[in-house]
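Participant: Mind looking over this structure? Questions follow.
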Amino acid sequence: MRAADGTPQALHAAALPDGAAERVRALTERGLAGFPWSLRFEDWRGRSWSVGERRAHWSGQPLSIAIHTEAAGRTLLRGDVLGFVRCFVAGDVDLEGNLYVVSDVRRHAQLALRPWQAAWQWLRSQAFQSPARSRVNVRTHYDIPQHALDLYLDRVYRSYSCAMFEAPERLERSELVRAGAGREDGFDSLEKAQWRKFDDAVAWLRAEPGETLLDIGCGYGGQLAVALERPQLSKVVGWTHSANQVGEGAHALMRFDPSRFELHEGDYRSERRVFDHVTSTGMVSHVGPRGLRPYVREVRQRIRRGGRYLHHALMTPHSGLPLDFYPGTAFHKRYVWPGYHWFTLGQHVRALERNGFEVQRAVNLSPHYAKTTAAWYERLMESRDRARELLGEPALRAWRLYLAGSSGNFLNKGIHVYRLYCEAV
């Protein structure tokens, strides 16, 4: 709910004390009263205060918010959540400690985009994801310095999607940052969890000897590698727009017979062959708001009748507002994932059923993705200085907010991720 001036009702600044610093303190104490976890504020004059009920959180830290300039404080007073995020990226605001609760702060305080910002975001989102646009969007995120991505991705597959853990509810920093070797790990490592995700897909295919597999948005080839470890598949083919991923993936696949795999840099729509089975882990998030049905139709053209298709996707809960009206969406599209879009579970199922697939099973992996992004964040923070050298301070700040904020958002049900196990009919 918003006041007449566009300020979130919970943070409406009317009748607050005179002076920007006093108004910021009164605003945060009022708007965040009853917040479950501890928040610590410091303003540009060096004065500090605490808000929240101080319940236990697995991170073991409060979220500390230091507002270094009066201009940043006035941005908060205006209810300009995107402007306040820009202040953080620029260094006029610092967020330290428990960034996992950032999305909970937004929800508790009813922070939303200003009307003109929401309208602009929605208009920008309507462009169809052509191959050229898709290439730019993917490379913007994935073709940053490879060494930066290696700081936080798993050490075996470099998989940039949700892993499948043995105990997704167990979040322990020491386990999250401990690098494993994969399937044989004796602890619940990120590396073993990524292997389990790929192996789950291969098991679903139930491939017969001589059959083929297409992996759309194949990343560094992790799904191809795990599929090649089974003798049944005679050929596996992967497509990605990322030059980084093709180069690194080709090196990782060198241990396999080269006649059994292909790894292509380019748009999956360039592929014209028909395969026995298809997998896609997260790729559909990049098709844009008008691209879900065209994407599913294209997949159906690439798979034989009776073939199995694994459709793994980030999803949004049902809402009365368009996705682009939310601050998190605007942040991600500006700083992290240009061109992405999420659909609801119902929209995915409807698109699949109307375009030649039967959905035989659906599994919600949101707790698993919360743990995956927490592992990425903790690993990134372990190498924070190196990440700053590779990315620069503004990009590092955006990445921190993206990773920790996403983890919290999966836990508070602001985002979902599902695996839909389908058969072509």
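The values are calculated or read from the model by the stated rules, or taken from the named source; none is laboratory data. Keep in mind that this is a model prediction, so the values were computed, not measured. Heads up, the Cβs are rebuilt from the backbone with ideal geometry, glycines too, and the neighbour counts pull from every protein chain shown. Each accessible area value is taken on the protein alone, full model and side chains, heavy atoms only, with ligands, DNA and RNA left out. Shrake-Rupley method; radii C 1.70, N 1.55, O 1.52, S 1.80 Å.
Participant: Give the accessible surface of the stretch 231-347 per residue, rounded to a whole number of Å², with probe radius 1.4 Å and ligands, DNA and RNA excluded.
Facilitator: Ligands and nucleic acids excluded, the figure is 40 Å² per residue.
Participant: How much of the accessible area of the stretch 380-425, in percent, comes from carbon and sulfur atoms when a 1.4 Å probe is used?
Facilitator: About 48 percent, which is the carbon plus sulfur part of the accessible surface.
Participant: Over the stretch 67-114, with the other protein chains present, what is the accessible area per residue in square angstrom, probe 1.4 angstrom?
Facilitator: Details: 1660 Å² over 48 residues.
Using a 1.4 Å probe on heavy atoms only, each residue of the stretch 67-114 averages 35 Å².
Participant: Over the stretch 379-419, give the accessible area per residue in Å² for a 1.4 Å probe, as an integer.
Facilitator: Ligands and nucleic acids excluded, the result is 36 Å² per residue.
Participant: Restricting to the chain, what percent of DSSP beta bridges are antiparallel, rounded to 5?
Facilitator: The antiparallel proportion sits near 50 percent.
Participant: Next question, about the same structure. Taking 0.36 nm per residue of sequence separation and subtracting the Cα-Cα distance, how much length would be gained by fully extending the chain between Ala90 and Arg230, in nm to one decimal?
Facilitator: 45.5 nm
Participant: Using a 1.4 angstrom probe on heavy atoms only, work out the carbon and sulfur share of the accessible area of the stretch 143-189 in %.
Facilitator: 47 percent
Participant: May I pose another question? What percent do you get for the relative contact order of the chain when only Cα pairs under 8 Å and 6+ apart count? If you can, show how the numbers build up before the last one.
Facilitator: On the way: 819 pairs, mean separation 71.7, N = 425.
The value is 17 percent.
Participant: For volume of the Cα convex hull per residue in Å³, which listed value, [x] 132; [y] 153; [z] 142, comes from the coordinates shown?
Facilitator: It is the one labelled [x].
Participant: Using a 1.4 Å probe over the heavy atoms of the protein chains, calculate the carbon and sulfur portion of the accessible area of the stretch 249-376 as a whole percent.
Facilitator: For the stretch 249-376, the apolar C and S fraction of the accessible surface comes to 52 percent.
Participant: Then there's this: Within a Cβ distance under 13 Å of His348, other residues only, what is the Lys/Arg minus Asp/Glu net charge?
Facilitator: So the environment of His348 carries a net charge of +3.
Participant: Which of Thr373, Thr212, Thr279 moves most in a GNM of the chain, Cα contacts under 10 Å?
Facilitator: Highest fluctuation of the listed residues: Thr212.
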